[in-house]
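The values are calculated or read from the model by the stated rules, or taken from the named source; none is laboratory data. Fair warning: this is a prediction, and the values are worked out from it, not measured in the lab. No Cβ is skipped: glycine too gets one built from the backbone with ideal geometry, and neighbour counts run over all protein chains shown. Surface areas here come from the heavy atoms of the whole protein model, side chains and all, with no ligands, DNA or RNA. Shrake-Rupley method; radii C 1.70, N 1.55, O 1.52, S 1.80 Å.
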Amino acid sequence: MYGAGAEYALHSLLILATQPESVSVRDLATYQKIPERFLAKLFTRLKKAGLVESLEGVSGGFALARPAGEIRVMEVLAAVDPDRTLFACAEIRSQCALFDATAPEWATAGTCRIHGFMLDAERVLQDFLASKTLADLACEFKRKAPKAFTRDTGTWFQQRKNTRIRRHPINQNS
């Protein structure tokens, strides 16, 4: 149903939810071994949707625009993969070999039952995704991952930021 963009965005936002400072798209892409250009496009969409904010400069990057508990998973999916549907009905019900050239009214009247069934399923899924937040995902992840992994992740991102800052010292003329 949802593509790689949804997965990349959710994993990246989960990282932002657990980091005390902004994180660059380059570092997020390197850390996850995913394409930087694609991730940058996703972050443009996330920013436009008001889910992240960008911080300029060498030590800048992206941070969540709101607390993780206020960002719904469905908001993220809608931002990065808009208009995605669970099912695309091709209306094959009118193409039965027994109908010759024209399908009878009873066969095509109203919404296709399979399409209607899938629309109901999609509404249930969307309601579920709208009920979950990034904080819920972070809580689930925290229960699974060892504390050392969380600590090491924070250290990794901080070292990357420190390396950028050392390479581009701020010019201070006093």
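Annotations for the structure displayed:
- Computed from label points 7 Å out along Cα-Cβ, the spacing between His115 and Arg26 is 4.9 nm.
- Cα→Cβ-extended label distance, 7 Å offset, between Arg167 and Val124, nm: 5.0 nm
- Among the trypsin sites (Lys or Arg not before Pro) in segment 1-97, those located in a DSSP loop and surrounded by at most 14 other Cβ atoms within 10 Å of their own Cβ are Lys33, Arg84.
- Annotation note: GluC sites (Glu not before Pro) in segment 1-62 located in DSSP loop regions with a Cβ neighbour count of at most 16 within 10 Å are Glu21, Glu56.
- Taking 10 °C and 1.306 mPa s as conditions, segment 10-127 diffuses translationally at an estimated 91 µm²/s according to Stokes-Einstein applied to its Kirkwood radius (Cα pairs).
- Förster radius 25 Å - calculated FRET efficiency between Ala63 and Lys33 (Cβ-Cβ, nearest 0.05): 0.65
- Accessible surface of segment 8-66, 1.4 Å probe, proportion on carbon and sulfur as whole %: 52 percent
- Qualifying chymotrypsin sites (Phe, Trp or Tyr not before Pro) in segment 83-174, DSSP loop, other Cβ atoms within 10 Å at most 15: Phe87
- Among Ile114, Ile92, Ile34: highest mean-square fluctuation, GNM of the chain, C-alpha pairs under 10 Å: Ile92
- Computed from backbone phi with θ = phi - 60° and the Karplus coefficients 6.51, -1.76 and 1.60, the 3J(HN,Hα) list for segment 49-59 is 7, x, 9, 10, 10, 9, 10, 6, x, 4, 8 Hz; x is used for glycine and proline.
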